[in-house]
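Q: Here's a structure for you.
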Ligand SMILES: Nc1ncnc2c1ncn2[C@@H]1O[C@H](COP(=O)(O)OP(=O)(O)O)[C@@H](O)[C@H]1O
Ligand SMILES: [Mg+2]
């Protein structure tokens, strides 16, 4: 039995389709990612799967139970870390976990062992008796992940698990998630708009945009859609250059403002040729870069847009 | 598991209450001053409908204790709005326990903290010169409990309509205060003009205050059994209504 099966799942808010007939299946033991920009419908999807929102149409089974018809059975079998924090800041870490364990009906002996175990998993055991309001953002996040795992869920939902954390803390959380996957018998579904997160953590990634899943595969296969290399050219007249670059070796060109993203086979050979063509037609090349495709390139390839507006890298590109 | 749920929700309320020491003291400030200053200021005032042998402070103290229970329990119920604001409500709402259980757990938790506040207020009123019947305190406790459960329920019901804490001030000024002032906590309702006195009969706290007063000083405007019945019916109704409203509430 698959831990999550989603069929034509749709959510409409006043006529606006936030989630538009999506289909996917998550396999046992994998980390499955939903990658997409803000407003793509990731959180709405998760909320339907965890029984907080009723689907407008379609159906979903989580841990074998229908999310509409058997919400209580679904709840028993899942752990959730929401996008926004849901801790009681007045209570200590241990009290938060104890509260959770009792809500999920763990008996005393199991409760104590398990609380210790999950606190150790996220390296918070020595902070067990500290009030959560004294925790940093990263520590709170770790505690929430520990809490999500506490009652031995079959499926763990992580909605933007590293949102708003600094890069170093983010990497640490990734390590915990990977360790968790290895040590616990749990299937994980996470959402993110961080490219690297989807790439590093997920066995398979569904790229979601405007409520629709536009690609679904493992990260390597997704990147193969784009090609071997990506060349990025910033020029003063991108439209003009696109017309001239109708070369067989260029599989696809996407223009983002004054920048051209080109999928090619041998980037290091193509760059001099492209620069030469630009010079010949009088287009000024301001900068050139070559890289292996990332999931961002996959998104650009599919939609002609970037995933994040506020990303540091993109900000640099845009100037 | 449902019982375990009620217990842990109750325990959480209690822990949060005990940790908020400054709030405990802060919220008792106003009623203490009410009792002390009204007690002193109206010491020699004669209220026609009040028997000669009852001093104003003895009359007032049960009312002020009721006030403390009223305010604490209503706020405690409304504190669900804070939980929503800080996200914690979601943690509770996705747990595999019923909404009714959650509502009952909160109700008991809120009522317990209100009871504790009420008991502290009784102890403090001793210091100010209030001399209640010691045996009667047991009955007073029953009335306090009913007031506490009922108004925590009211608070829970209100919280299902309030989506942020902005409405809080309105609830205090246009709901909690009128309930308090109408209840006969400060003066006998028979002193009120006819129309307002009739209104007071629809204030559930009226019966709580009257019952408390009967238990603590042996004076009441109604038959205490009548007080008990009225309050009990109100309390049970509210517990059901608040649980039903809470079950219907949408939490995303
Ligand atoms: N309760 C709601 N009412 C109306 N629109 C909503 C509601 N929740 C989400 N939306 C809209 O649905 C879209 C998807 O939101 P969301 O699922 O939160 O996206 P993501 O998590 O991918 O950033 C957004 O355009 C958002 O504004
Ligand atoms: Mg989201």
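Q: Test residue A:148 against the stated conditions and say whether it is more than 16 Å from ligand 1 (Cβ to nearest atom) and surrounded by fewer than 18 Cβ atoms within 10 Å (Cβ to Cβ). Spell out the reasoning first.
A: On the way: more than 16 Å from ligand 1 (Cβ to nearest atom): yes; surrounded by fewer than 18 Cβ atoms within 10 Å (Cβ to Cβ): no.
Answer is no for this residue.
Q: Would you be able to tell me the number of residues in segment A:131-177 that are away from ligand 2 (no atom under 16 Å from the Cβ), assigned to a helix (DSSP H, G or I) and in contact (Cβ under 8 Å) with a residue 40 or more places away in the chain?
A: Qualifying residue count for the region: 11.
Q: Of everything in segment A:104-114, what is surrounded by fewer than 20 Cβ atoms within 10 Å (Cβ to Cβ) and either in a loop (DSSP other than H, G, I, E, B) or free of Cβ contacts under 8 Å to residues at least 12 places away in the same chain (or both)? Give them in sequence order.
A: A:105, A:107, A:108, A:109, A:110, A:112, A:113
Let's see how each residue does on (1) touching a helix residue (DSSP H, G or I) at 6+ places or on another chain (Cβ under 6 Å); (2) away from ligand 1 (no atom under 12 Å from the Cβ); (3) at the interface with chain B (Cβ under 10 Å from one of its Cβ atoms):
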residue: A:27; (1), (2), (3): no, yes, no
residue: A:30; (1), (2), (3): no, yes, no
residue: A:34; (1), (2), (3): yes, no, no
residue: A:58; (1), (2), (3): no, yes, no
residue: A:63; (1), (2), (3): no, yes, no
residue: A:75; (1), (2), (3): no, yes, yes
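Q: Since residue A:60 meets every condition but one in (1) within 16 Å of ligand 2 (Cβ to nearest atom); (2) closer than 22 Å to residue B:91 by Cβ, which condition does it not meet?
A: The single condition residue A:60 does not satisfy is (1).
Q: Here's another thing I want to ask about it. Residue A:47 - would you say it is free of Cβ contacts under 8 Å to residues at least 40 places away in the same chain, buried (at least 21 other Cβ atoms within 10 Å of the Cβ) and within 13 Å of ligand 2 (Cβ to nearest atom)?
A: Against the criterion (free of Cβ contacts under 8 Å to residues at least 40 places away in the same chain, buried (at least 21 other Cβ atoms within 10 Å of the Cβ) and within 13 Å of ligand 2 (Cβ to nearest atom)), residue A:47 qualifies.
Q: Could you go through segment B:3-25 and let me know if any residue there is within 14 Å of chain A (Cβ to nearest Cβ), within 30 Å of residue A:129 (Cβ to Cβ) and part of a loop (DSSP other than H, G, I, E, B).
A: Among the residues of segment B:3-25, at least one is within 14 Å of chain A (Cβ to nearest Cβ), within 30 Å of residue A:129 (Cβ to Cβ) and part of a loop (DSSP other than H, G, I, E, B), which makes the answer yes.
Q: Taking segment A:241-268, which residues are part of a strand (DSSP E or B) and touching a strand residue (DSSP E or B) at 6+ places or on another chain (Cβ under 7 Å)?
A: A:250, A:251, A:252, A:253, A:254, A:259, A:260, A:261, A:262, A:263, A:264
Q: Only one residue in A:14, A:23 is surrounded by fewer than 21 Cβ atoms within 10 Å (Cβ to Cβ), under 12 Å from residue A:212 (Cα atoms) and either away from ligand 1 (no atom under 12 Å from the Cβ) or free of Cβ contacts under 8 Å to residues at least 40 places away in the same chain (or both), so which one is that? Lay out the reasoning, then the answer.
A: Working: A:14 fails: under 12 Å from residue A:212 (Cα atoms).
Testing whether each residue is surrounded by fewer than 21 Cβ atoms within 10 Å (Cβ to Cβ), under 12 Å from residue A:212 (Cα atoms) and either away from ligand 1 (no atom under 12 Å from the Cβ) or free of Cβ contacts under 8 Å to residues at least 40 places away in the same chain (or both) leaves just A:23.
Q: Which of (1) in a helix (DSSP H, G or I); (2) more than 16 Å from ligand 2 (Cβ to nearest atom); (3) surrounded by fewer than 23 Cβ atoms within 10 Å (Cβ to Cβ) is the odd one out, the single condition residue A:101 does not satisfy?
A: That leaves (3) as the condition not met.
Q: Here's a follow-up. If you go through segment A:229-241, how many residues are under 22 Å from residue A:294 (Cα atoms) and modelled with pLDDT under 90?
A: 0
The values are calculated or read from the model by the stated rules, or taken from the named source; none is laboratory data. Just so it is clear, the model here is predicted, and its values are computed rather than measured. No Cβ is skipped: glycine too gets one built from the backbone with ideal geometry, and neighbour counts run over all protein chains shown.
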